[in-house]
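Student: Would you mind keeping the following structure in view while I ask a few things?
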Amino acid sequence: MILKQTDKQTFANILFFSLPILVIIVLRFLNFDGAFGQDSYEYLRYTKAIEKYFYEGVKPGSFYWPVLYPLLGIVFKKLFGNAILSLQLLSCFSFSISCIYILKTINLLFPKNQHNLLFVFLFGLLSPYFLKTGLVVMSDATAILFIVLSFYYFFQFKVKKRGLILTLFFISCAVMTRFPSIIILFPIVIVILVLAFKEQKYKQLLLSVLLAGIPLIPYFVFQEKSLYSATENPFLKSWSIQNFFSSSYTSVDGFQNYLSPNLIFVLKVFYHPGFVFIGFLLSVFFFRKKMFFKSFSSKIIITSVGIYLIFLAGIPFQNTRVLSLVFPLVLILFVPVFEHLIQLYKINKNQIIFFSIITFCIQVILFILSFKATFNRSVFEKNLVEKMHLYQGNKLFAFDYDISLKGRDMDFNYQNMYIKLYTDFNKNDLVLFNPDDLAQQWKDKNPMKNWNKINNSYHLETLASFDNNWKLYRIVSKK
């Protein structure tokens, strides 16, 4: 039975919400709660700080990123209680709604296609890297949602002459969730301004700009003393064309050596199996066939993605997280290619079903493999918290995992070994460190300098050993 368009959308809504929630339930049963790494705990910290501001009037203080994600986290915390769960569900719902509006955007642009829902299910919902954004305490999925909504209402404005107000509002929301969003959305801002002036929509444009200012208000209220923190980003300051062709960098994150130069890395969003496992095939057909470049939607998306990837290629840093912001746009580019291949090779219904089953299995395997490191990190952090309970109340010199201990409310006098070089070490002070794992990346940097001073100047007693060769030491006496 052929489903009507409204029935298809209802089915898609149920599917796009239920599957990520099911995955979260399974992961929580396996002891993964979405919080991992320093960025997660910084979002968690600031969410708590904003909540304290609302209850006690204490300003939440400085924050490295825009504030909309932790602010929305407060809304979810009112509903679900636990802060980590609330932020994880915020990411999850953002991911689900993103999938819904990716499909709505594709249906708007390619209304005659027969396989839009199948495509978004197989290569959007089940995309390993994209799905990950909806399972973790990070702002990526929420920023992606606002980017997708911006493009959807932009195309509404272009095609149906409505949606200007919502376009600019969601652009503002995207920027106030992740600053780099402005680079992706800049081309459609220019087009909107040109069209608005050309069609003399001055009142509507003025109202749109005023409403777009609403998401900016919390940032100005909370960050009044650090409004220009984004311009202080050390990676932004190190932007260079030379980085296009480099694969090794020494930065504030220590020494990093990658497999490929930045120019190859940023193209992963087109070909890497973690995004679309048939992405290489789709990319070859896309760039070989000029017909895929002719539409206005393709031109504006290619422009937005291209500018953003050029920006990323100049930064001395590689992380697939930053590529995820434009992944939905790449999906939209691939849709007509996918439909074209089905028609070209006259693939019948049974072959599509077989292909879908195989694709589903491959995507599940790729997700497990790609998610393993994130899963292990989060579980390790939780296990570390359980074992460190006995040693609370002491001064703790640590690096990396001190953030997770603090984020999970462990009571220590924290001394971060990255922030500065220490000279004052006392008997019974604790040290949580892994010199073997950190020696290469942090050679001649504060973490290793502090460790070498402690290890060379003091007798240490090993109090506990953890996975991955991390150990908790107690300073016994001077050598």
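Student: Between a first residue in the range 182-205 that is in a loop (DSSP other than H, G, I, E, B) and a second residue that is not acidic (Asp, Glu), which pairs have beta carbons less than 7 Å apart while being 6 or more apart in sequence or on different chains?
Tutor: If the second residue must be not acidic (Asp, Glu), the pairs left are Lys201/Leu164.
Student: Being open to solvent by 30 Å² or more (accessible area, probe 1.4 Å), of a type in the set (D, E, K, R) and either touching a strand residue (DSSP E or B) at 6+ places or on another chain (Cβ under 8 Å) or part of a helix (DSSP H, G or I) (or both) narrows it down to one residue among Glu386, Glu339; which is it?
Tutor: Unique residue meeting the criteria: Glu386.
Student: Taking the range 402-425 only, how many residues are open to solvent by 20 Å² or more (accessible area, probe 1.4 Å), of a type in the set (Ser, Thr, Tyr) and either in contact with a His (Cβ under 7 Å, 6 or more places away or on another chain) or not in a loop (DSSP other than H, G, I, E, B) (or both)?
Tutor: Result for the range 402-425: 1.
Student: Take Phe397 and tell me if it is open to solvent by less than 30 Å² (accessible area, probe 1.4 Å) and closer than 19 Å to Arg474 by Cβ.
Tutor: Values: open to solvent by less than 30 Å² (accessible area, probe 1.4 Å): yes; closer than 19 Å to Arg474 by Cβ: yes.
Spelling it out, Phe397 is indeed open to solvent by less than 30 Å² (accessible area, probe 1.4 Å) and closer than 19 Å to Arg474 by Cβ.
Student: Which members of the range 26-79 meet the condition of being in contact (Cβ under 8 Å) with a residue 40 or more places away in the chain, farther than 25 Å from Asn383 by Cβ and within 19 Å of the chain's Cα centre (by Cα)?
Tutor: Phe63, Tyr64, Trp65, Pro66, Val67, Leu68, Tyr69, Leu71, Leu72 - these are the residues of the range 26-79 that are in contact (Cβ under 8 Å) with a residue 40 or more places away in the chain, farther than 25 Å from Asn383 by Cβ and within 19 Å of the chain's Cα centre (by Cα).
Student: Determine which single condition Ala174 fails, assuming it passes every other condition in (1) under 24 Å from Ser295 (Cα atoms); (2) touching a residue at least 12 places away in the same chain (Cβ under 8 Å); (3) buried (at least 16 other Cβ atoms within 10 Å of the Cβ).
Tutor: For Ala174, the exception is condition (1).
Student: Now for a separate question. Please enumerate the residues belonging to the range 57-79 that are open to solvent by 20 Å² or more (accessible area, probe 1.4 Å) and either in contact with a His (Cβ under 6 Å, 6 or more places away or on another chain) or among the β-branched types (Val, Ile, Thr) (or both).
Tutor: Result: Val58, Val75.
Student: Scan the range 234-250 and give yes if some residue there is in contact with a Leu (Cβ under 6 Å, 6 or more places away or on another chain) and more than 21 Å from Leu312 (Cα to Cα), otherwise no.
Tutor: No - not one qualifying residue is present in the range 234-250.
The values are calculated or read from the model by the stated rules, or taken from the named source; none is laboratory data. Please read all numbers here as calculations on a predicted model, not as lab measurements. Counting neighbours? That spans all protein chains shown, and the Cβs are built from the backbone with ideal geometry, glycine included. Keep in mind that these areas ignore ligands, DNA and RNA; they rest on the heavy atoms of the full protein, side chains included. Shrake-Rupley method; radii C 1.70, N 1.55, O 1.52, S 1.80 Å.
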